[in-house]
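The values are calculated or read from the model by the stated rules, or taken from the named source; none is laboratory data. Note that the structure is a prediction, hence the values are computed from the model and not measured. In this analysis, Cβ positions are derived from the backbone assuming ideal geometry, glycine residues included, and neighbour counts consider all displayed protein chains.
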Amino acid sequence: MCELFGYSGDREQGLSHWLAPFRSRGGGNADNPDGWGVAAWDGDVATLVKSAEPGFSSERFARLSSELRTRLAIAHVRKARHPPVPGMLNTHPFIHACCNREWVFAHNGMVPEVIEWQTTGPLCQPDGETDSEYAFCHLLNEIAEGYETLLRPAWIDRLARLSEKISTLGKFNFLLSDGHELIAYGHDRLHQLDVDDELGRKIIVATEPLTEGHWQPFSPGELRVYRNGNLIARLGGSARLLPLPH
């Protein structure tokens with residue numbers, strides 16, 4: 001049921017060591033053949049590349065996995081569930097503007113009832129039909145009011161509380177970024193790998209472990225915030241803010 005990949009590093013670096021095995025999860029050694037997408041940042045600018053074809057057999061994805069260098073990335077391979085057909089508008093990640101920034105979001109799971117919630121509002125309207133993109137717009141509308149006026153712990157706490165509420169509708173694991181921070185919510189299925197070597201410090205987040213190493217599972221309902229390859233905040237399943245030093 002879809003898989004997620006996130007990367008946060010302290011410097012620009014190639015991601016092939018992790019993206020190559022992640023690409024194979026797109027219909028090769030896992031049943032996620034219904035599209036793939038990769039968002040990566042160059043400074044504050046996000047570039048999004050995606051296709052409705054299977055990731056494991058995509059030459060474009062193979063080339064991107066080999067050549068991409070960045071400090072921040074979100075990727076996704078899709079198992080079409082809602083709606084149950086492939087299509088570009090329904091392929092993750094999704095990108096929408098909010099608070100003078102571009103935000104990128106990718107989701108694993110199903111929360112179809114979120115589509116029936118009260119309108120997402122004028123700030124963010126889904127382009128496709130997925131419950132994932134509807135949830136994304138609800139999250140952006142929730143934090144928009146406080147993103148530029150509240151301290152980070154306040155708007156992240158609001159984000160965590162809404163994430164917990166949406167997760168009661170089904171399964172809701174996601175990655176979200178504003179180009180500064182990588183935010184990961186692990187409802188029931190997400191892992192983190194810390195790497196600190198001669199190439200710098202980085203954190204990789206994935207639905208399932210992609211390589212050897214000490215991949216740490218998220219606690220159920222846990223939200224983690226990363227910046228420049230460091231974990232800077234954690235919120236437990238009760239959405240209580242647990243800040244870490246920068």
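Per-structure values
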| read-out | value |
| --- | --- |
| One residue from 104, 85 being over 18 Å from the mean Cα position of the chain (by Cα) and of a type in the set (A, V, I, L, M) | 85 |
| Residue within the range 135-155 that is closer than 20 Å to residue 79 by Cβ and among the aliphatic types (A, V, I, L, M) present | yes |
| Number of positions in the range 198-221 that are surrounded by 19 or more Cβ atoms within 10 Å (Cβ to Cβ) and more than 22 Å from residue 20 (Cβ to Cβ) | 2 |
| Filtered residues of the range 53-80 (kept if surrounded by 15 or more Cβ atoms within 10 Å (Cβ to Cβ), among the polar types (S, T, N, Q) and outside any loop (DSSP other than H, G, I, E, B)) | 65, 70 |
| Search result, residues across the range 81-119 that are surrounded by 15 or more Cβ atoms within 10 Å (Cβ to Cβ), out of contact with any helix residue (DSSP H, G or I) (no Cβ under 7 Å at 6 or more places or on another chain) and in a loop (DSSP other than H, G, I, E, B) | 81, 86, 87, 91, 93, 109 |
| Matching entry among 139, 182, 193, 169 (being in contact with a Phe, Trp or Tyr (Cβ under 6 Å, 6 or more places away or on another chain) and either within 14 Å of residue 110 (Cα to Cα) or buried (at least 21 other Cβ atoms within 10 Å of the Cβ) (or both)) | 182 |
| Pick from the range 190-230, criterion over 23 Å from residue 164 (Cβ atoms), in a strand (DSSP E or B) and in contact with a strand residue (DSSP E or B) (Cβ under 6 Å, 6 or more places away or on another chain), ranking: modelled with the lowest pLDDT | 200 |
| Residue that is nearest to residue 173 (Cα to Cα), among those in the range 120-137 that are modelled with pLDDT of 90 or more and assigned to a loop (DSSP other than H, G, I, E, B) | 130 |
